[in-house]
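The values are calculated or read from the model by the stated rules, or taken from the named source; none is laboratory data. Since this is a predicted model, take the numbers as computed values, not measurements. Positions of Cβ are generated from backbone atoms using ideal geometry, with glycine treated the same way; all protein chains shown enter the neighbour counts. Keep in mind that these areas ignore ligands, DNA and RNA; they rest on the heavy atoms of the full protein, side chains included. Shrake-Rupley method; radii C 1.70, N 1.55, O 1.52, S 1.80 Å.
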Amino acid sequence: MTKAIGLEVSLAIAEAVKQANVDIVAAYPITPQTHIVEELSVYVANGELDAEYVPVESEHTAMSACVGSSAAGARTYTATAAQGLALMHEILYIASGMRLPIVMTVANRALSAPISIWNDHGDIMSERDIGWVQIFAENGQEAYDLTIAAFKIAEDHRVLLPVCVNVDGFILTHMIEPVLFIDQKKIDAFLPPFKPAMTLNPDKPVTMGPVGVPEVYMESRKQCEEAIMGSRQVVAEVFSQWGQSFGRDYKLIETNGQPRAKVLFVTMGSQGETTMTAVQDLSESGESVGQVRIRLWRPFPREEFLEAIAGAEELIVIDRALSPGVYNGPVAQEIKALLYEQPQKPKIHNVIAGLGGRDVTVKDFKKMYEMSRKNELDPNYTIWGVRSDA
Amino acid sequence: MSDLAICAWQKLELGTAITSPGNAAELRTGDWKTLRPETDREKCIKCGLCSVYCPEFCISENEEGYYPADLFYCKGCGICANECPKQAISMIMD
Ligand code: SF4
Ligand code: SF4
């Protein structure tokens, strides 16, 4: 029986990347970076990981180096956060457009101004349309597991798209959590060496990333759209293989609390664990309440989500990002758009909470529930806990 | 891109890569133009300057020594007409 080891989650992720046996790590090592790439540089320097470590001069270059190395057929990894992710923006589209299975950890943090290094989902919500598979981890174990699984998803020849694993900055990345590490042999059996579908090879010349004239560009975009839509099935398959191999089952959409509850919280990321405690307490005192956790954000698993909320009368959708000027946070927008076509629609309250590292506690979730029962939550959206003179 | 650059999305190479070098030659850029060059053979002195200046490299010498544009590629920019020392080229509606 393996024993759980208490470790900072960033270091657990670095261990996962090492065990995935990557060939290249390209990263910008300064703020807003986490300990993930620092630890990987130590592994490479100590000869524990046989990889090239490329310490570049910016995140824009980090992602550019990743594009080049993945195109050359190397298993490629990087990590970033907040402004760093924003600086990569341009190249993120190139990675998916060129169908390169890069894996990246995003330690979700708030975007400036004002300067913030704390957690929210503003960084990744600005990157919703980059064409990457986007997964959210809830705790340290998930961060470790999903990082390894991400390589298998990305490199599946039915997918061949970059995958980003989101972990809440500080709340997860800098927290010491118990993590069960998997034996290297078992990981090697689960994740065979990367077999690129196309590489830069002088014997068989190809041009990658050429001009797409108007006669070609739309077909090219359609190809990427089909690939990401099709990846949903592969993500589900890889998650279930993970369950069979290592005993921890992951679903695209997770549920807990009272089955077929009247009121459901919808969460994404580490906040889900706090909500879970609130849901448990409320359930124990007889309330009909449950929770839906979105693990796969892109592609959005519509069917699984609809199945998870079937019969609910009310959803309290928590957003950890603001989408200025459109009334709802990004997750609520998504869900409202999806429900428009459905004959049965639950009432939706959108609560925007925990921006820039503001704590959201069990008490807060209970209060949200109470207010929703008394019809005191804004029917549209509420920015939770914001101090006001009004 | 597959041998034919213009194809269904299913036939595009992964990531729209080009696997047959030089296949841009199959792309008709000639249909971008509004005006096309026409040479007045009375005025032309066969100096070939137009072919040097053409950014599409689509002007080449024919057997009679004149320099006609290949209209499959000519984008109608008018540079040849502008550079011709004898004003032998006029741009006319395509
Ligand atoms: S119009 Fe422009 S493209 Fe056409 S032949 Fe003249 S220089 Fe070349
Ligand atoms: S530049 Fe003018 S004169 Fe010279 S070859 Fe061309 S058309 Fe003739």
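For the structure I just gave you, tell me whether A:PHE265 is part of a helix (DSSP H, G or I) and more than 14 Å from chain B (Cβ to nearest Cβ). No; evaluated as a whole, the condition is false for this residue. When every residue of segment A:157-180 is checked against the conditions, none turns out to be touching a residue at least 12 places away in the same chain (Cβ under 8 Å), open to solvent by 10 Å² or more (accessible area, probe 1.4 Å) and part of a helix (DSSP H, G or I).
Checking the stated criteria, A:ALA74 turns out to be touching a strand residue (DSSP E or B) at 6+ places or on another chain (Cβ under 9 Å), aliphatic (A, V, I, L, M) and surrounded by fewer than 24 Cβ atoms within 10 Å (Cβ to Cβ).
Scanning segment B:33-55 for residues that are open to solvent by 60 Å² or more (accessible area, probe 1.4 Å), part of a loop (DSSP other than H, G, I, E, B) and within 11 Å of ligand 1 (Cβ to nearest atom) returns B:THR34, B:PRO55.
Residues are listed down the side, and each one gets a yes or a no for (1) in contact (Cβ under 8 Å) with a residue 24 or more places away in the chain; (2) more than 14 Å from chain A (Cβ to nearest Cβ); (3) touching a helix residue (DSSP H, G or I) at 6+ places or on another chain (Cβ under 7 Å):
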residue	(1), (2), (3)
B:ILE18	no, no, no
B:TRP32	yes, no, no
B:LEU49	yes, yes, yes
B:PHE57	no, yes, no
B:LYS75	yes, no, yes
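Applying the criterion of being buried (at least 16 other Cβ atoms within 10 Å of the Cβ) and more than 19 Å from A:VAL386 (Cβ to Cβ) to the residues of segment A:342-361, the residue that is farthest from the chain's Cα centre (by Cα) is A:PRO346. In the set (1) surrounded by 13 or more Cβ atoms within 10 Å (Cβ to Cβ); (2) away from ligand 1 (no atom under 16 Å from the Cβ), B:GLN10 fails one condition alone, (1).
Once segment A:213-235 is narrowed to residues that are more than 8 Å from chain B (Cβ to nearest Cβ) and of a type in the set (Ser, Thr, Tyr), the residue that is surrounded by the fewest Cβ atoms within 10 Å (Cβ to Cβ) is A:TYR217. Here B:ALA25 fulfils each of the conditions (1) exposed (fewer than 13 other Cβ atoms within 10 Å of the Cβ); (2) without any contact (Cβ under 8 Å) to a residue 24 or more places away in the chain; (3) assigned to a loop (DSSP other than H, G, I, E, B) apart from (3). Only one of (1) over 30 Å from A:ASP120 (Cα atoms); (2) within 14 Å of chain B (Cβ to nearest Cβ) is not met by A:LYS186, so which one is it? If we test A:LYS186 against (1) over 30 Å from A:ASP120 (Cα atoms); (2) within 14 Å of chain B (Cβ to nearest Cβ), just (2) comes out false.
Taking segment A:277-390 as the region of interest, the helices (runs of 4 or more DSSP H) fully inside it that hold 3 or more residues being more than 30 Å from A:GLU226 (Cβ to Cβ) are A:362-373. Checked against (1) in contact with a helix residue (DSSP H, G or I) (Cβ under 9 Å, 6 or more places away or on another chain); (2) touching a residue at least 24 places away in the same chain (Cβ under 8 Å); (3) away from ligand 2 (no atom under 15 Å from the Cβ), B:THR39 passes all but a single condition, namely (3). The selection criterion, being assigned to a loop (DSSP other than H, G, I, E, B), among the aromatic types (Phe, Trp, Tyr) and away from chain B (no Cβ under 14 Å), does not hold for A:PHE239. Considering only segment B:57-72, state which residues are part of a loop (DSSP other than H, G, I, E, B) and near ligand 1 (Cβ under 6 Å from one of its atoms). Within segment B:57-72, just B:CYS58 meets the criteria. Suppose we filter segment B:73-89 for residues that are more than 7 Å from ligand 1 (Cβ to nearest atom), open to solvent by 60 Å² or more (accessible area, probe 1.4 Å) and among the hydrophobic types (A, V, I, L, M, F, W, C); how many remain? Summing the residues that are more than 7 Å from ligand 1 (Cβ to nearest atom), open to solvent by 60 Å² or more (accessible area, probe 1.4 Å) and among the hydrophobic types (A, V, I, L, M, F, W, C) in segment B:73-89 gives 0. The criterion of being of a type outside the set (Lys, Arg), modelled with pLDDT of 95 or more and near ligand 2 (Cβ under 7 Å from one of its atoms) holds for B:LEU49.
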